[in-house]
Amino acid sequence: MFTGLVTDIGRVDSVEDTNGLRRMRVVSHYPVDSITMGASIMHEGVCLTVVDFGEEGEGSWFEVEAVPETLSLTTLGALTTGSGVNLELSLKLGEELGGHLVYGHVDGLGEIVSVKPEGDSFRVTIRPPSEIARYFATKGSVTVSGVSLTVAKAHDNGDFDVAIIPHTWEVTTLSALQPGSKVNLEVDMLARYVARMIGADAPETKGTA
């Protein structure tokens, strides 16, 4: 479980395809003693499992593996050596929940429609897949490439806006967004339960490993 509050931007150090899996080595600022074998770390909104790790300067490196389905249904398939990735370590009992509860399971790929400055902040319009568009409501929560955000406006055509403050813009990979960019979207847990209670189909999660 995660909060959607990015705690580091990691850098992909290597990518290797073997035996139907893609193994990625990521360099981070996390102290090596904060990582354990089998730990869950969220990468751009996707929960992946640590299969190896070690010390890297004052930080650490760790390796994770992704299956072809995860690569094809999320933005992880486009990552290459040097790519930046939003990272978050899994939530521990007793820690402050600053964002909202996030699974790290991607429900679909969204497309950036526009990025517009609003003073020092940015308003970003996102087009979700049609099958999950109804799960985004004004003032509701959404996870965009691992970042917990509030839906500023849900449009009648299914698009929705998020307003991104300067701090979030600076400390996440969202600052690289431009029209046409793809982002991993996760529907808010509350929207899933509401859909279940009213008999609607909840989205099938994708992109887990």
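Side notes on the structure shown:
- Pairs of Lys residues in the chain are counted when their Cα atoms are under 17 angstrom apart and they lie 8 or more places apart or on different chains; the count is 4.
- Shape call, segment 8-89: gyration tensor on alpha carbons, a/c limit 1.5: prolate
- With bins 5 Å wide beginning at 0, the percent of Cα pairs of the chain falling in each bin runs 1, 8, 15, 21, 20, 16, 11, 6, 2, 0, 0.
- Net length gained if the chain between Lys182 and Asp120 were fully extended (0.36 nm per residue, minus Cα distance): 20.0 nm
- Taking every alpha-carbon pair within segment 108-197, the share separated by more than 21 Å comes to 22 percent.
- Loop GluC sites (Glu not before Pro), segment 10-61 (other Cβ atoms within 10 Å of the site Cβ: 11 or fewer; DSSP): Glu58
- By the beta-carbon count within 10 Å of each Cβ, the least crowded to most crowded order of His105, His43, fewest first, is His105, His43.
No lab work stands behind these numbers, since they all come straight from the coordinates. In this text the structure is predicted, and so the values were computed from the model without any measurement. Cβ: placed from backbone, ideal geometry, glycine included. Neighbour counts: every protein chain shown.
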